[in-house]
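These notes are about the structure you will find just below.
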Amino acid sequence: MAGARFVSELSRRHFMAWALGAGAAVALGGCVESSTRREPKGSTVTLTFWNGFTGGDGEYIKKLVEDFNKATPGIQVKMNIYVWADFFQKVPGAVISGQAPDVCVMHVDDIPTNAARSILVPIDDLAQELGLKASDYTSQEVWQGGLYQGRRYGIPFDMHPLGMFYNKAVLRRAGLDPEKPPRTGDEYMAALEQLKGKGIPGHWMSPFPFTGTFQFETLLWQFGGELFDPEVTRATFDSDAGVRALTWMVDLVKKGYSPANVGQDADVIALQNGENAFNWNGIWQINALDEVPQLEWGVAPIPRIGTQDAVWGNSHQFVLLRQRSPSKERLAAARTFIQWMSQRSVEWLASGKIPVLKSVAESPEFKAMKAQVQFARQAPYIRFPPAVAGIADALAMVDKAVNQAVLGKASPADALKSAAAQATQVVRDNHEKYGD
């Protein structure tokens, strides 16, 4: 699943500037009409629902939609699942042509760009009708993640953060306690040193966004740094905190705690094969590891390497697309669907997610999910990208810096300095393009 997500993330970052450019914005400006289409009374309302759940979570979303259709004969949902790159290519065209789906799911870092281009419509009224408020959520970051320029465009469905998977058999082989994974930087380095003494490179450092970039961002925040200044007019990830974070990563390779030139997904494959002890990866790996025969594995929060707790994460959120002919009945049906799905999010969490609602996080059903519960311990300090349009293009510069430094093509300081200069130019161009 991580490999698919890697391709999707890169595709999203490079696609948004093209698909949602000035031409699309001009076309969208004339596609909204004030007329309201009415469905015949007593008829079944059919909703279209698009998402990018092509991985293992696809079967879970299909089951939820099937259950909804059985429970609500007056509302039937027709779902289309696309790989994320195709999803973002189809959405603007669907809106322009007047064939937009009724409900979609997007990541928090996709919402600002689509909102700025009028692909999405504000849903403050919908959130209010559903009685949603910040205090209901396990993380203020996830609640704020659905906002753009003070308006709500997304309703949180889940969070999916980074966590630390570990191979219990490998730890046992190195004389480490498989039931006490390291929690601090000192404990982590001591464990890596002990593993190295047994000939085991304990942490295979990925030079790719999945999950090298996510590890860098986690460490940057742990060391007290930020990706950008508060107004997102200047990249600041080349700060002392950024250099410390990336140097820590590069030193894992230099000091023999990680092999060089780790391929995409080679880190998690090594964990499965008993060649690796620790793997910082996304919660989406839970079900994949469960399917590996005789693998003894555990999961814990990312250790605090820096001075404070922080971890990279993202969130799927429900959004509504701009319709050429809005329908009150379809909007009401969409509200019912979103509310129904949110209330049954425990079933969705089994796909490899953590809850956004406190009521779900405190439920016996969720507490029985041992792996997800470990990830959820990080909920109070999960961090998301800044909510500004075009941010994915600027974050692509972070990917570049991590790749160059981990592969030994540039020093951490030089790689970050060059990437930050480019990212600063990107965000300044975006402010002009999107009017943030």
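The values are calculated or read from the model by the stated rules, or taken from the named source; none is laboratory data. This one's a predicted model, so the numbers in the text were calculated from it and none came from an experiment. Neighbour counts are summed over all protein chains in view; Cβ atoms, including those assigned to glycine, are modelled from backbone coordinates with ideal geometry.
Of the residues G199, G225, G256, the single one that is in contact with a Phe, Trp or Tyr (Cβ under 7 Å, 6 or more places away or on another chain), assigned by TED's automatic domain parsing to the domain that holds A288 and outside any helix (DSSP H, G or I) is G225.
Against the condition of a type in the set (S, T, N, Q) and either buried (at least 20 other Cβ atoms within 10 Å of the Cβ) or closer than 25 Å to K180 by Cβ (or both), how does Q323 come out, does it pass? Here the answer is yes, as Q323 does meet what is asked.
Please indicate, with yes or no, whether at least one residue in region 390-408 is surrounded by fewer than 16 Cβ atoms within 10 Å (Cβ to Cβ) and out of contact with any Pro (no Cβ under 8 Å at 6 or more places or on another chain). Among the residues of region 390-408, at least one is surrounded by fewer than 16 Cβ atoms within 10 Å (Cβ to Cβ) and out of contact with any Pro (no Cβ under 8 Å at 6 or more places or on another chain), which makes the answer yes. Within region 351-403, the only residue that satisfies the criterion of being without any contact (Cβ under 8 Å) to a residue 40 or more places away in the chain and outside the structural domain of R151 (by TED's automatic domain parsing) is K400. Step by step: first the residues of region 14-50, then only those that are in contact with a Gly (Cβ under 9 Å, 6 or more places away or on another chain) and surrounded by 16 or more Cβ atoms within 10 Å (Cβ to Cβ), then the one that is modelled with the highest pLDDT. Which residue is that? Step by step, filter region 14-50, then rank; the result is V45. Residue pairs whose Cβ atoms lie under 8 Å apart, separated by 6 or more positions or on different chains, with the first residue in region 179-201 and over 18 Å from L219 (Cβ atoms) and the second buried (at least 21 other Cβ atoms within 10 Å of the Cβ) and among the basic types (K, R), do not occur. Please specify each residue of region 214-268 satisfying the condition of being within 19 Å of I200 (Cβ to Cβ) and of a type in the set (A, V, I, L, M). Result: M249, L252, V253, A260, V262, A266, V268. On inspection, A277 passes the criterion of being among the small types (G, A, S) and buried (at least 21 other Cβ atoms within 10 Å of the Cβ). Only residues that are closer than 15 Å to D125 by Cα and under 18 Å from the mean Cα position of the chain (by Cα) were counted in region 316-349, giving 2. Please specify each residue of region 399-412 satisfying the condition of being closer than 25 Å to Q308 by Cβ and in contact with a Gly (Cβ under 9 Å, 6 or more places away or on another chain). The answer is D399, A401, V402, V406, P412. Inspect all residues belonging to region 331-342 and state whether any of them is surrounded by fewer than 21 Cβ atoms within 10 Å (Cβ to Cβ), of a type in the set (V, I, T) and closer than 30 Å to R244 by Cα. Checked region 331-342: no residue is surrounded by fewer than 21 Cβ atoms within 10 Å (Cβ to Cβ), of a type in the set (V, I, T) and closer than 30 Å to R244 by Cα.
The residues on offer are Q294, Q272, Q343, and the sole one that is within 27 Å of A376 (Cα to Cα), assigned by TED's automatic domain parsing to the domain that holds S43 and either out of contact with any Gly (no Cβ under 7 Å at 6 or more places or on another chain) or without any contact (Cβ under 8 Å) to a residue 12 or more places away in the chain (or both) is Q343.
Do we have R330 as outside any helix (DSSP H, G or I), out of contact with any helix residue (DSSP H, G or I) (no Cβ under 6 Å at 6 or more places or on another chain) and not hydrophobic (A, V, I, L, M, F, W, C) here? No, not satisfied. For region 204-222, filtering for residues that are among the hydroxyl-bearing types (S, T, Y) and in a loop (DSSP other than H, G, I, E, B) leaves 1.
Anything in region 109-126 that is of a type outside the set (A, V, I, L, M) and under 8 Å from Y153 (Cα atoms)? List them, or say none. Outline the logic, then answer.
First, pick out the residues of region 109-126 that are of a type outside the set (A, V, I, L, M): 109-110, 112-114, 117-118, 122, 124-125.
Once the filter is applied, which keeps residues that are of a type outside the set (A, V, I, L, M) and under 8 Å from Y153 (Cα atoms), region 109-126 yields P122, D124.
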